[in-house]
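For reference, the structure is listed below as structure tokens.
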Amino acid sequence: MDSPRSEDAAPPAAALRAWFAEEVHPHDASLKTYLRGQFPSVRDVEDVVQESYLRIWRARAAHPVRSARAFLFQVARHLALDTVRRDRVTPFVAVRDFEGLTVLASGPDAAEQASVSERFHLLADAIESLPRRCREVVILRKLQSIPQRDVAARLGISEKTVEVQLARGIARCEDYLRKRGVRGWYGE
């Protein structure tokens, strides 16, 4: 003979499903309305509702629940508050255009960046090693893109001297870089 079921005993699965369908799920629309009204910053109300259902289901499986509606709203409120607090600490930025996102960096990788940086420093060293006048001409013509005529006027030399100094400077820089394993101005 079966003994009567105690109020504190876990209900059978069928009884738990029936309780949920009758006592909890009918409050779905009003719960979502409440959450959207009270917690407008919560991005996904559906997630909060689903987690609330899960928690109230587990609670009812463990012990009786006096007021399913009150308990459901209390659980949902606490979950929404937790979500708001978490979002304040780690804010979420909504993305509308996933096509425009670059998942992987399209620029050079770390090794490539290091190589470019090394070549840049070698080029700077090459220019620094030039004689003063030659260095001035290379910097003005190649790095600052100042026209030959203006360089000549600024330095008080002829345009032909600018041309010769530039050719010597470039040749010396190329030689400096070649001796250090760099081919051409850009390491090609």
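Of all residues in the stretch 142-149, none satisfies being more than 21 Å from His121 (Cβ to Cβ) and buried (at least 18 other Cβ atoms within 10 Å of the Cβ). Of all residue pairs spaced 6 or more apart or on separate chains, those with beta-carbon atoms under 7 Å, a first member in the stretch 154-179 that is surrounded by 12 or more Cβ atoms within 10 Å (Cβ to Cβ) and a second member that is among the hydroxyl-bearing types (Ser, Thr, Tyr) are Tyr176/Ser129.
Within the stretch 65-76, count every residue that is part of a helix (DSSP H, G or I) and surrounded by fewer than 17 Cβ atoms within 10 Å (Cβ to Cβ). Step through it out loud before you land on a result.
To start, the set of residues in the stretch 65-76 that are part of a helix (DSSP H, G or I) comprises 68-76.
So of that shortlist, the ones also surrounded by fewer than 17 Cβ atoms within 10 Å (Cβ to Cβ) come out as 69-70, 74.
Matching residues across the stretch 65-76 total 3.
Since every read-out is calculated from the coordinates, none of them should be taken as a lab result. Every value quoted in this text rests on a predicted model; they were computed, and no experiment measured them. Ideal geometry is used to build each Cβ from the backbone, glycine not excepted, and the neighbour counts take in all protein chains shown.
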